[in-house]
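Colleague: The structure is given below, and queries will be raised subsequently.
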Amino acid sequence: MAERRRGAALEKALLDAAWEELTEQGYARFTMDAVVKRAGTSPPVLYRRWSDRDALARAALVHRLRELVLPVPDTGSLREDLLTLLREINATRAPLTTTLYAHLAAHHQATGTRPADLTDPVTTGRKQAVDVLFDRAVERGEADPRRLTERARSLPFDLLRQELLSHFAPVEDRVLEEIVDEIFLPLVTPRPG
């Protein structure tokens, strides 16, 4: 007899099942019944936590993105920290990024919810992780805190995401270096005087 899941273990199993269903079927064919079957549970167990498929899809997405927050490198250099992180994202997250945004387009069509509302870095824990990297750079004098706005902080990641969505594949390392060396660092490096 299978052990009965409860609490956090049950919620994780439900969200994992929902994520698997979303990635295999897409939002258009995503159903609560399919998640119930995949998770090996009953409808009341699922509906007690999420009232509809939109709420479940949102929760599954946030759950998955929180699980995928990468460790923040600490190389002693803003340039190397950023390149290390961008290289890891590029190597391990390209398929996820393209799949995710394809499904988010279908979700937007069905609900009007923008992808940015669902992938919010604050909600998923990514902002806190990356802020550590930028805070260290400010402490070392490598970045001007007045120039390191929220838009500037997101720029390297936004540019990488755009590249991944344009190519549906990891990008060449020279592209990552261009993003960091030619666009980001000149924007945030302290200016003399």
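The values are calculated or read from the model by the stated rules, or taken from the named source; none is laboratory data. These numbers were taken from a predicted model, which means no experiment stands behind them. Virtual Cβ from ideal backbone geometry, glycine too; neighbours counted across all protein chains shown. To get the accessible areas, we keep the full protein, side chains included, count just its heavy atoms, and leave off ligands, DNA and RNA. Shrake-Rupley method; radii C 1.70, N 1.55, O 1.52, S 1.80 Å.
Colleague: Could you give the length gained on full extension between Q128 and D181, defined as 0.36 nm per residue of separation minus the Cα-Cα distance, in nm?
Modeller: Numbers: separation 53, 0.36 × 53 = 19.08 nm, distance 2.35 nm.
Result for the pair: 16.7 nm of gain on full extension.
Colleague: Here's another thing I want to ask about it. If you stretched the chain out fully between V69 and A110, how much longer would it get, using 0.36 nm times the residue separation minus the C-alpha to C-alpha distance? It would help to have the intermediate numbers written out before the result.
Modeller: Working: separation 41, 0.36 × 41 = 14.76 nm, distance 2.76 nm.
Fully extending the segment from V69 to A110 adds 12.0 nm.
Colleague: Still on this structure: Under unit Cβ charges (Lys, Arg +1; Asp, Glu -1), what dipole magnitude, rounded to 20 debye, does segment 125-166 have relative to its Cα centre?
Modeller: Values: 9 positive and 8 negative charges, 17 e Å.
The calculation lands at about 80 debye.
Colleague: Which whole-Hz couplings ³J(HN,Hα) result when phi for each residue of segment 87-101 is put into the Karplus expression 6.51 cos²θ - 1.76 cosθ + 1.60, θ = phi - 60°, listed in order with x for Gly and Pro?
Modeller: 5, 5, 4, 4, 6, 10, 10, 4, x, 4, 4, 5, 5, 4, 6
Colleague: Using a 1.4 Å probe on the protein heavy atoms, what percent of the accessible area of the chain belongs to carbon and sulfur? Please list the in-between numbers first.
Modeller: On the way: 5650 of 10680 Å².
Using a 1.4 Å probe with all protein chains present, the chain comes out at 53 percent carbon and sulfur.
Colleague: Further, regarding this structure: Charges only on Cβ, +1 for Lys and Arg, -1 for Asp and Glu: so what's the dipole of segment 1-93 about the Cα centre, in debye to the nearest 20?
Modeller: Values: 16 positive and 14 negative charges, 75 e Å.
So the magnitude is around 360 debye.
Colleague: By how many nm would the segment from R4 to F168 lengthen if fully extended, with 0.36 nm per residue of separation less the alpha-carbon distance? Mind showing how you got there, number by number?
Modeller: Numbers: separation 164, 0.36 × 164 = 59.04 nm, distance 4.05 nm.
Extending this stretch completely gives an extra 55.0 nm.
Colleague: What 222 nm value per residue comes from the helices of the chain, counting each DSSP H run with n ≥ 4 as -39,500 (n - 2.57) and dividing by all residues, nearest 500 deg cm²/dmol?
Modeller: Working: 11 runs with 131 residues, N = 193.
About -21000 deg cm²/dmol.
Colleague: Something else: Tell me which of A91, V72, V45 sits at the most positive position along the dipole axis of segment 5-113, charges placed on C-beta atoms (Lys, Arg +1; Asp, Glu -1).
Modeller: The listed residue farthest towards the positive side: V45.
Colleague: Moving on to the next point. About the Cα centre, and with charges only on the beta carbon of Lys, Arg (+1) and Asp, Glu (-1), how big is the dipole of the chain? Nearest 20 debye, please. Please report the intermediate quantities before stating the final value.
Modeller: Numbers: 28 positive and 30 negative charges, 175 e Å.
Its charge dipole is roughly 840 debye.
Colleague: Counting other Cβ atoms within 10 Å of each Cβ, which trypsin sites (Lys or Arg not before Pro) in segment 19-92 have at most 14 and sit in a DSSP loop? The partial results should precede the final answer.
Modeller: Values: sites: R29, K37, R38, R48, R49, R53, R58, R64, R66, R79, R87; in loops: R48, R49.
Qualifying residues, ordered by number: R48, R49.
Colleague: I need to check one value: relative contact order of the chain, counting alpha carbon pairs closer than 8 Å and at least 6 residues apart, in percent. Working shown, then result.
Modeller: Values: 163 pairs, mean separation 45.3, N = 193.
Once divided by the residue count of the chain, the mean separation gives 23 percent.
Colleague: What stretch of the chain, leaving out the sites themselves, is the longest with no GluC sites (Glu not before Pro) in a DSSP loop having at most 14 other Cβ atoms within 10 Å?
Modeller: Between exposed loop sites, the widest span is 4-171.
Colleague: Kindly report the accessible area of segment 3-57 per residue (heavy atoms of protein chains, probe 1.4 Å, no ligands, DNA or RNA), in Å².
Modeller: Details: 3150 Å² over 55 residues.
On a per-residue basis, segment 3-57 sits at 57 Å².
Colleague: Once label points are set 7 Å from the Cα along Cα→Cβ at both Q25 and R146, what is their separation, rounded to one decimal in nm?
Modeller: 5.5 nm
Colleague: Also, quick follow-up: If amide hydrogens are placed 1.01 Å from N in the peptide plane, which non-local residues have theirs closer than 5 Å to the one on T75?
Modeller: Distant-sequence amide H within range of T75: D81.
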